[in-house]
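Reading through the structure tokens given below for one structure.
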Amino acid sequence: SQTIHQWPATLVQPVGSPLSLECTVEGTSNPNLYWYRQAAGRGLQLLFYSVGIGQISSEVPQNLSASRPQDRQFILSSKKLLLSDSGFYLCAWSVGQGNYGYTFGSGTRLTVV
Amino acid sequence: GNSVTQMEGPVTLSEEAFLTINCTYTATGYPSLFWYVQYPGEGLQLLLKATKADDKGSNKGFEATYRKETTSFHLEKGSVQVSDSAVYFCALRLDDKIIFGKGTRLHILP
């Protein structure tokens, strides 16, 4: 069966520090991968998605970047965190198009102080 | 563009009450429609889905019917429980991306 792992679960980082959040998927090949952010009291904002190794689409300009070094690995990074980067970050995967929903990871709660 | 609009919360109900959370969408094609649920501190879980007009998705007592004529996908449950307290997201999928509504927080009082 397919599983998605996301870590760490919580993270407190000072302003200006770097960030690396990792997401891995098991049990499937060539998944579509997604990073979402959920700010306090707000909905889900799609940050990045990837349909293959090295293929990254950015939905909004921001202080973050994403990489996909392997088929089932998706990394969210920042060189210098801002206070506004605080939020709940969710990784998700899906296959194909159309009828399939996403499967989400358990999320990372990032607090920038 | 494509978008999802759902009723703002929070919605507060007593246990065993009837629930409706409204959701309407705008799409250029024929999307699949979803409801996701997020329990406190957790990621999102798929609750139910419908892939074409007049389809009814159902799970855990929740139901939603894909209404193409009204571009709606309202979530209903006949008798809610305290354990249903969560945030509910309506969503549509076209091609590679899912577009989510802003979420509706549901509080169920014992």
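Whole angstrom only: what separates the Cα centroid of the range A:47-113 from the Cα centroid of the range B:1-56?
23 Å
Of all GluC sites (Glu not before Pro) in the range B:18-110, which ones are in loop regions per DSSP and have a Cβ with at most 12 other Cβ atoms within 10 Å?
Answer by residue number: B:E69.
For chain B, what's the relative contact order in percent, using C-alpha pairs closer than 8 Å and at least 6 residues apart?
37 percent
Once neighbouring chains are kept in place and the probe is 1.4 Å, which whole percent of the accessible area of chain B is contributed by carbon and sulfur?
Carbon with sulfur: 48 percent of the solvent-accessible area.
Estimate the FRET efficiency between A:A39 and B:K68 by the formula 1/(1 + (r/R0)^6), using the beta-carbon distance for r and 30 Å for R0, to the nearest 0.05.
The calculated FRET efficiency here is 0.40.
With θ set to phi - 60°, apply the Karplus curve 6.51 cos²θ - 1.76 cosθ + 1.60 along the range A:51-56 and write out the HN-Hα couplings as whole Hz, x wherever there is a Gly or Pro.
9, x, 4, x, 9, 10
Can you give the net charge of the other residues whose Cβ lies under 9 Å from the Cβ of A:L33, counting K and R as +1 and D and E as -1?
Net local charge, A:L33 excluded: +2.
Let's test the formula: R0 of 30 Å, r as the Cβ-Cβ distance of A:V60 and B:V82. What FRET efficiency results, to the nearest 0.05?
It comes to 0.25.
With a 1.4 Å probe and every protein chain left in place, work out the accessible area per residue of the protein assembly as shown in Å², rounded to a whole number.
Accessible area per residue: 48 Å².
Output ³J(HN,Hα) for the range B:81-95: one whole-Hz value per residue in order, computed from phi by the Karplus curve 6.51 cos²θ - 1.76 cosθ + 1.60 with θ = phi - 60°, and x for Gly and Pro.
Rounded to whole hertz, the list is 10, 4, 5, 7, 4, 4, 9, 10, 10, 8, 8, 10, 10, 10, 6.
In the range B:41-110, what is the volume of the convex hull around the alpha carbon atoms, normalised per residue and reported in Å³?
So the per-residue hull volume is 109 Å³.
If you average the sequence gap of Cα pairs under 8 Å that are 6 or more apart and divide by the length of chain A, what percent do you get for the contact order?
36 percent
Find the sum over both chains of the accessible area lost when A and B are paired, probe 1.4 Å, and report it in Å² to the nearest 100.
So the total buried area for this chain pair works out to about 1700 Å².
Longer than 25 Å from Cα to Cα, which of B:K56/B:K97; B:K56/B:K102; B:K77/B:K97; B:K49/B:K102 are they? Say none if no pair is.
Over 25 Å Cα-Cα: B:K77/B:K97.
Given points 7 Å out from each Cα along the Cα-Cβ axis, report the B:L94 to A:N30 separation in nanometres with one decimal.
With each label placed 7 Å out from Cα toward Cβ, I get 2.5 nm.
What nm value, rounded to one decimal, do you get for the distance between B:H107 and B:N22 when each label is placed 7 Å out toward the C-beta?
Taking the simple label geometry, B:H107 and B:N22 are separated by 2.2 nm.
In whole Hz and in residue order, list the ³J(HN,Hα) couplings for the range B:51-65 that follow from phi through the Karplus curve 6.51 cos²θ - 1.76 cosθ + 1.60, θ = phi - 60°; x for Gly and Pro.
Rounded to whole hertz, the list is 10, 8, 4, 6, 5, 10, x, 8, 5, 6, x, 8, 9, 8, 10.
Does any residue of the range A:30-67 lose at least 50 Å² of accessible area with all protein chains in place compared with its chain alone, and if so which ones (probe 1.4 Å)?
So the qualifying set is A:L44.
What is the mean number of Cβ atoms from other protein chains located within 10 Å of the Cβ atom of each residue in peptide B:35-48, rounded to a whole number?
Mean partner shielding for this stretch: 4.
How about the range B:12-62: which trypsin sites (Lys or Arg not before Pro) there lie in a loop by DSSP and see at most 13 other Cβ atoms within 10 Å?
B:K52, B:K60
Only sites in a loop by DSSP and with at most 10 other Cβ atoms within 10 Å count here; which chymotrypsin sites (Phe, Trp or Tyr not before Pro) in chain B make the cut?
Those that pass, being in a loop and sparsely packed, are B:F18.
The values are calculated or read from the model by the stated rules, or taken from the named source; none is laboratory data. Since the structure is predicted, the reported quantities are computational estimates derived from the model, not experimental observations. All Cβ positions, even for glycine, are placed from backbone atoms using ideal geometry, and neighbour counts span all protein chains on display. Surface areas here come from the heavy atoms of the whole protein model, side chains and all, with no ligands, DNA or RNA. Shrake-Rupley method; radii C 1.70, N 1.55, O 1.52, S 1.80 Å.
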